1. On the given criteria, is A:Lys83 assigned to a loop (DSSP other than H, G, I, E, B) and out of contact with any helix residue (DSSP H, G or I) (no Cβ under 9 Å at 6 or more places or on another chain)?
2. Select from the stretch A:18-59 the residues that are in contact with a strand residue (DSSP E or B) (Cβ under 8 Å, 6 or more places away or on another chain) and assigned to a loop (DSSP other than H, G, I, E, B) and write down the one among them that is nearest to the other protein chains (Cβ to nearest Cβ).
3. Restricting attention to the stretch A:86-106, report how many residues are hydrophobic (A, V, I, L, M, F, W, C), in contact with a helix residue (DSSP H, G or I) (Cβ under 7 Å, 6 or more places away or on another chain) and part of a loop (DSSP other than H, G, I, E, B).
4. Sort out which residues of the stretch B:176-194 are more than 9 Å from chain A (Cβ to nearest Cβ), open to solvent by less than 10 Å² (accessible area, probe 1.4 Å) and outside any helix (DSSP H, G or I), and write them in order of number.
5. Would you confirm whether any residue within the stretch A:179-195 is in contact with a Phe, Trp or Tyr (Cβ under 9 Å, 6 or more places away or on another chain) and in a helix (DSSP H, G or I)?
6. Considering only the stretch A:321-339, I want to know if a residue exists there that is of a type in the set (Val, Ile, Thr) and out of contact with any strand residue (DSSP E or B) (no Cβ under 7 Å at 6 or more places or on another chain).
7. Looking at the stretch B:264-288, which of its residues are open to solvent by less than 10 Å² (accessible area, probe 1.4 Å) and acidic (Asp, Glu)?
8. Residue check: is A:Glu406 more than 8 Å from chain B (Cβ to nearest Cβ) and free of Cβ contacts under 8 Å to residues at least 24 places away in the same chain?
Amino acid sequence: MKFSHDWLSQYVSRIPQASELERLITAHSFQVEGIEKEGKDSVLDIDLLPNHMTYAASHTGVAREIAAITKQKFSLPKVFTSKIPKLPLSYLKVTDTTKSLVSAYHGVLLEDVQIVPSPEIIQKRLAAVGVRAINNVVDATNYVMLELGQPIHAFDYERIAGNVLTIQTAKKGEKVVILDGESRPLPEGAIILRDRDQITDLAGIMGGEASAITSRTHKVFLHAAIFDRNRIRLAEKAIGNRTEASLRYVHGMTPWACQMALQRAIQLLNEWSPKPVRVVGGMELAYKQKKNIPIKIERSYVCSLIGADIPAKEIPIILGRLGFVCTQKGRDTWNVVAPVWRSDIERQEDIVEEIGRMYGYDNVKSIPPLAHLAHPEPNDMEELADAMRDHFVALGYSEVENYALEAKKAFPQEFANDWRIKLANPFSEEYSYVRDSLVRGMLRNVDENITRAKGMKLFEIGRVYRKGQKGPEERDHAISVFVPEGKSQSAYFEAKGCTESLLERLGVTNIWLKDIDTNDIAWPLPSGSVMHPHRRAVIKVDSITIGVLYQLHPAVYAKRPVFVSEFLMPQLLEVVETAWEFRAIPKYPAVVRDIALLVDKDIRAQDVIDLIESEGGRELADVDLFDYYEGTEIGEDKKSLAFHLIFQSPDRTLTDAEVGQNLARIITALKVEGWGIRGESEAK
Amino acid sequence: MESLSDLKKKAQKMLENAKSIEDLDAFEIEFFGRKQGKLTQVLRSLSTLGEDARRELGAEANILRQDLLEALETKRDEYLRKSLDLQLAKEKIDISFPGKKQNKGHLHPNTLVRRKAEAIFRSMGFSVFSSPDIDTEFYNFDSVNVPKDHPARDMQDTFWVEEVKGWKDRYIPRTHVSNAQVRYMEKHNPPFRIVYSGKVFRNEATDASHDFQFNQIECLMVGENVSVANLKYVLETFFERMLGSGTKIRMRPSFFPFVEPGFEVDITCVACKGKGCSVCKQSGWVELLGAGMVHQNVFKAAGYVPGQYQGFAFGMGLDRITMMKYNIPDIRLLRGNDVRFLEQFSNRL
């Protein structure tokens, strides 16, 4: 909101220069957005927050703050002070039929009004704050509103049909022609004023064309009233027009300035017109007014909350400058009543705020808090996620952060599930659903980067969501994708190696992979149908599924092979937390033997390892697949597997004979399965 | 058999004339060969001599053996060194060639900033807490004293989840992380201090400095005497460590429903160090966070006895700190996930 420095200076005995004013107002009251030069004047653009509007949306309101900050004298403007006689009902009868939508209504009838332009200095002042000067009457209503914050409206008295004004609410389908000349449909329930024939005012927003001031006007009825803020908000929204008046009404106003605003308008008209106006009479509708009640404040609480030692004598002085009335109740205790123009003071903390900002937060010295040395609680999930981030990075993966919102037809479509949470009011169809999977975002990242990078390793750790029985469900989830550079036969195993390394870094070494069947995977893991049917596995620890490892089905994404690992964070946390125990470093040397086998293509390496392990005896410490081969020379349907067999005993050095016995047993068992031994050797 | 002195002369000459490792090897065989070595033969013949002659000749022969072996080793070292130098000269490389790229991953800049922030707050005894991203209207608004008719609840500002049969509450992709406040306080009694962060959502148009999704980080400290002065200390400490010493803060009175008194906090403009520039509109300050003393209505919503506790809360956009820290001009880059963007950030905060 704009404020003229020159105008503000009318109410403060000595006012600082604009730049200093900017600093002071910002430190103690409101944020000053900027200062603009308007001729000799400076215009301050002040960002008033909703709770400031009731008392500071006017030049006197801001001037009162300035006076309080700078400890200068503040004075209200001069008003017409002669006694105003009661306006006979024969001149005008105002009736309120709304019961509860009006909380104050004051009017005054003036005669001998001459419509002339306002003085140049006034026109300039109005222009400086963005209001166009029209004539003395209209300018006076605007000037008073900008000065006191109270909107007032001027009617051409002779155009009020039937000498009646009825305050009522608009019925469905009613229309009004307002001052801008346009006819607009009124929202049902909007507050209107009506004369005998038609609507004359859209209360709190804009006057009606029917009784507007013209150049021929010489009798003027002015009113100042308080209308219900919620009805005005509704109406301004419906007609799409926020005016200076409605802006003030919607934030809630107290009626303290209604009568003063009329008296001030008469004063201004007398000053700006060739000859004084004649005041026929005034009227007022009676309403019960809400009063600010006393609030008890204690200095100890004020000082404790601010954290500064504010002297007892300062407190009533500071509050007094802002118009608060303090009554001492005891040592360092007061009853405080907020001024009539404040409706935002409800509790002790509101008053502490007034004291604090006037005392100045720059004057509050920072003090380290005194607190119990309580150990910060651990957050296991966050810690696991952060540990995984580090491990992913060490394995060459980069972290992405995707939107949690996505389109109904998400990319790729195969993933879209009907349990996804939908927004009631998305700003765009593209972001109208909440993600239930991290795959889509990741795949979009892959697709967008595909021309920029040959290969890619990306990961994301974040939550996924879906509709639950009683409300939304959310799960912590992790995903990594690996897009190999060019064609790579071993890409699946590279992805698997990364997955194993990641888990190993987390202390999870006892994983096993198994084929996916539908019982293994449930949300938030994706359906098996988006996976390559022969390149997909569930990652398990004991009987717990902790994730999946798969190649994306080419029907889902064809441009490049994409290898995905997904981890269920809650399950992972469960297995990571199991205790980790020291194992003794072997004292006796290991003996390594290699064997190579020729087996059918369908036989899994794991099946062979399982058999070797079961036959190897307790001296067999480890089995390691180190070579794998397929080729025409060994037969289309065959593959060759080579293993290191590591024999070791914790209590003695093994002899060749002992190892030989174990090996023989293994070989016999392998032959029973029909798995041909291609060779065996002592490992180098 | 040659005399020892002849042998010595011959040997010294051969050693002098040796031009390569091979010559030295030949020399060694000539004189020290196990069977035919000339000096070996002399030494072997000693046993056939009488005691006196044996002692005399033996001493002399052993000295000669020692000297020759020493000279041989010196010479051999010299040649080995020479041939190694030649070998190394062949291995000369252009050290200005580019280094071979190692595939290294990168953390997202928001992760780097969040971790740094959490580390600072943890060092001051704050616990890291987490709360739901999609929460009820109560936790998002009512519990933190946002009145029913507050404009923030409008459809224009807040996303609402489409209602589902069987759900009792209305849900919101949270508009701030403050939903954590009452969620934590319902289960814990003061004194405590916590830090929490995460995704928040706003129904607003996106531009270079606004996104409909971003991250916030917030702190809450509650006790019996927690004050504005304490809040000021924690903020000063945080920003000095986060953005460098010399970063100052400025607290301005402001209004947020969840606090009273409330503040807007400015920090020294990072771009100009407070001198005034286009980033800070010449003011030297950048508005960065909202703060204040927890409103008693928030304590009430948590089930505390009103008036029993005091506390502060402050919250800020994590993305804005990231943008400031790395001089990132557009917030949308943070969720664009262009690999050329992601690869710029390393763990060097």
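The values are calculated or read from the model by the stated rules, or taken from the named source; none is laboratory data. Please read all numbers here as calculations on a predicted model, not as lab measurements. Note that each Cβ is placed from the backbone with ideal geometry, even for glycine, and that neighbours are counted across all protein chains shown. Just so you know, the surface numbers come from the protein's heavy atoms only, side chains and all, with ligands and any DNA or RNA stripped out. Shrake-Rupley method; radii C 1.70, N 1.55, O 1.52, S 1.80 Å.
1. Values: assigned to a loop (DSSP other than H, G, I, E, B): yes; out of contact with any helix residue (DSSP H, G or I) (no Cβ under 9 Å at 6 or more places or on another chain): yes.
In short, yes.
2. A:Leu49
3. 2
4. B:Val177, B:Ser178
5. Looking for residues that are in contact with a Phe, Trp or Tyr (Cβ under 9 Å, 6 or more places away or on another chain) and in a helix (DSSP H, G or I), one finds none in the stretch A:179-195, hence no.
6. Looking for residues that are of a type in the set (Val, Ile, Thr) and out of contact with any strand residue (DSSP E or B) (no Cβ under 7 Å at 6 or more places or on another chain), one finds none in the stretch A:321-339, hence no.
7. Across the stretch B:264-288, the qualifying residue is only B:Asp266.
8. no
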